[in-house]
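Worksheet for the structure shown next.
The values are calculated or read from the model by the stated rules, or taken from the named source; none is laboratory data. Worth saying up front: this structure is predicted, and the values here are computed from it rather than measured. Heads up, the Cβs are rebuilt from the backbone with ideal geometry, glycines too, and the neighbour counts pull from every protein chain shown. For the accessible areas, the whole protein counts, side chains as well, though only heavy atoms, and no ligand, DNA or RNA atoms are used. Shrake-Rupley method; radii C 1.70, N 1.55, O 1.52, S 1.80 Å.
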Amino acid sequence: ERQQKAEETELLKVELQMLETERVRLSLVEEKLVDVLQLLQQLRDLNISKRALGKILLSTLESCRDPQPGKAHLFEVLDTLYHELSACELLHSQPLEKAQRRQSLSNPLVISC
């Protein structure tokens, strides 16, 4: 019976490790998603055209067509989309004062439960 309890304890430890790993992965995905949504909000406020936004999205999907081994595909797509959006010229051409004002605002994308 002790042997069985020890095996159960070991299985529970492994399961707990797996859950913690998944929690960390989901946390990283959530952070990246919030970053992407913030950039989309900024671009919307700057009146980016739907065509330009569509080109960014298609470019992202094209570059992430084949998942890289060892990297979560969802995170890879979000990360690539974040970099594509942050490279948008419209974000870099806005006046400095306007950019600073946006950064000082609280995060409108955070949802309290």
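Considering segment 37-49 alone, what residues qualify as being part of a helix (DSSP H, G or I) and open to solvent by 90 Å² or more (accessible area, probe 1.4 Å)? Walk me through how you get there before you give the answer.
Filtering segment 37-49 for residues part of a helix (DSSP H, G or I) gives 37-45.
Across segment 37-49, the qualifying residue is only Arg44.
Any residue at all in segment 20-30 that is at pLDDT below 95, closer than 22 Å to Asp79 by Cα and touching a helix residue (DSSP H, G or I) at 6+ places or on another chain (Cβ under 6 Å)? Scanning segment 20-30 turns up at least one residue that is at pLDDT below 95, closer than 22 Å to Asp79 by Cα and touching a helix residue (DSSP H, G or I) at 6+ places or on another chain (Cβ under 6 Å). When restricted to residues that are closer than 16 Å to Leu85 by Cα, open to solvent by 70 Å² or more (accessible area, probe 1.4 Å) and in contact (Cβ under 8 Å) with a residue 24 or more places away in the chain, segment 12-36 contains 1.
When you scan segment 1-43, how many residues do you find that are hydrophobic (A, V, I, L, M, F, W, C) and more than 30 Å from Lys55 (Cβ to Cβ)?
Residues of segment 1-43 hydrophobic (A, V, I, L, M, F, W, C): 6, 11-12, 14, 16, 18-19, 24, 26, 28-29, 33-34, 36-37, 39-40, 43.
Next, from what is left, pick out any that are more than 30 Å from Lys55 (Cβ to Cβ): 6, 11-12, 14, 16, 18-19, 24.
The total comes to 8.
In the set Ala99, Ala52, only one residue is open to solvent by less than 80 Å² (accessible area, probe 1.4 Å), assigned to a helix (DSSP H, G or I) and either at pLDDT below 80 or of a type in the set (Phe, Trp, Tyr) (or both); that residue is Ala99.
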